Amino acid sequence: QVRLVESGGGLVQAGESLRLSCMPSQRTFNSFAMGWFRQAPGKEREFVAAISGSGPTSLISGILKDRFTISKDKNENTVTLQMNRLTPEDTAVYYCAARSSGIPSDLPRSYVHWGQGTQVTVST
């Protein structure tokens, strides 16, 4: 059973930063694209960012690209989402996901493995 373990969520004030990490349970995931999605209460799951299996290609949501970045550390087997200048609208559960392909995607249905999610709450 493949597991994706997210960490780094929490409560912050508007304007602050958070760094989320996702660690797959298997090192073979270095070959697969990884993504971050978020879901706020009463809303659909929303694409945040994704990165290719090899690491150099990334996608960022157009509304977030000025504040969020995604990176991959192959040695640590970790995918990181850096979130800056957070606003209350960023409050959501953030999910890490993995594809069976090395090509990043912004479509939730193209991801086959999902983490349990980590809560991010931004206060005013």
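Tell me which residues, restricted to segment 22-45, are part of a strand (DSSP E or B) and surrounded by fewer than 17 Cβ atoms within 10 Å (Cβ to Cβ). Write out each step before concluding.
The first filter runs over segment 22-45 and keeps only residues part of a strand (DSSP E or B), leaving 22-24, 34-39.
Correct list: Gln39 only.
Search segment 83-112 for residues that are within 12 Å of Ala50 (Cβ to Cβ) and pair each with any residue that is assigned to a helix (DSSP H, G or I) and open to solvent by less than 40 Å² (accessible area, probe 1.4 Å) when their beta-carbon atoms are under 8 Å apart and the residues are at least 6 apart or on different chains.
Ala98/Phe29; Arg99/Ser110; Ser101/Ser110
Write out, first by first residue and then by second, each pair whose Cβ atoms fall under 7 Å of each other, whose residues are 6+ apart or on separate chains, and whose first residue, in segment 53-68, is more than 11 Å from Gly35 (Cα to Cα) while the second is modelled with pLDDT under 90.
Gly55/Lys74
Identify all residues within segment 48-103 that are more than 19 Å from Gly15 (Cα to Cα), open to solvent by less than 40 Å² (accessible area, probe 1.4 Å) and over 12 Å from the mean Cα position of the chain (by Cα); write none if there are none.
Ser52, Gly53, Gly55, Asn77, Ser101, Gly102
Inspect segment 107-118 for any residue being in contact with a helix residue (DSSP H, G or I) (Cβ under 8 Å, 6 or more places away or on another chain) and either among the basic types (Lys, Arg) or farther than 21 Å from Val2 by Cα (or both) and give the result as yes or no.
There is no residue in segment 107-118 that is in contact with a helix residue (DSSP H, G or I) (Cβ under 8 Å, 6 or more places away or on another chain) and either among the basic types (Lys, Arg) or farther than 21 Å from Val2 by Cα (or both).
Tell me, which residue of segment 1-21 that is in contact (Cβ under 8 Å) with a residue 40 or more places away in the chain, part of a loop (DSSP other than H, G, I, E, B) and of a type outside the set (Gly, Ala, Ser) is most open to solvent (accessible area, probe 1.4 Å)?
For segment 1-21, the residue satisfying everything is Arg3.
Select from segment 90-110 the residues that are out of contact with any strand residue (DSSP E or B) (no Cβ under 8 Å at 6 or more places or on another chain) and not in a loop (DSSP other than H, G, I, E, B) and list them in ascending order.
Arg109, Ser110
May I ask you to say which residue of Thr118, Thr124 is at pLDDT below 95, within 22 Å of Glu16 (Cα to Cα) and either open to solvent by 50 Å² or more (accessible area, probe 1.4 Å) or of a type in the set (Ser, Thr, Tyr) (or both)?
Matching residue, one of Thr118, Thr124: Thr124.
Can you name every residue in segment 46-80 that is in a loop (DSSP other than H, G, I, E, B) and closer than 19 Å to Ser100 by Cβ?
Hits for segment 46-80 are Ser52, Gly53, Ser54, Gly55, Thr57, Lys74, Asn77.
The values are calculated or read from the model by the stated rules, or taken from the named source; none is laboratory data. Predicted, not measured: the structure shown is a model, and the values here were computed from it. Glycine also receives a Cβ, built like all others from the backbone with ideal geometry; neighbour counts cover every protein chain displayed. Areas reflect the complete protein model, heavy atoms only, side chains present, ligands, DNA and RNA absent. Shrake-Rupley method; radii C 1.70, N 1.55, O 1.52, S 1.80 Å.
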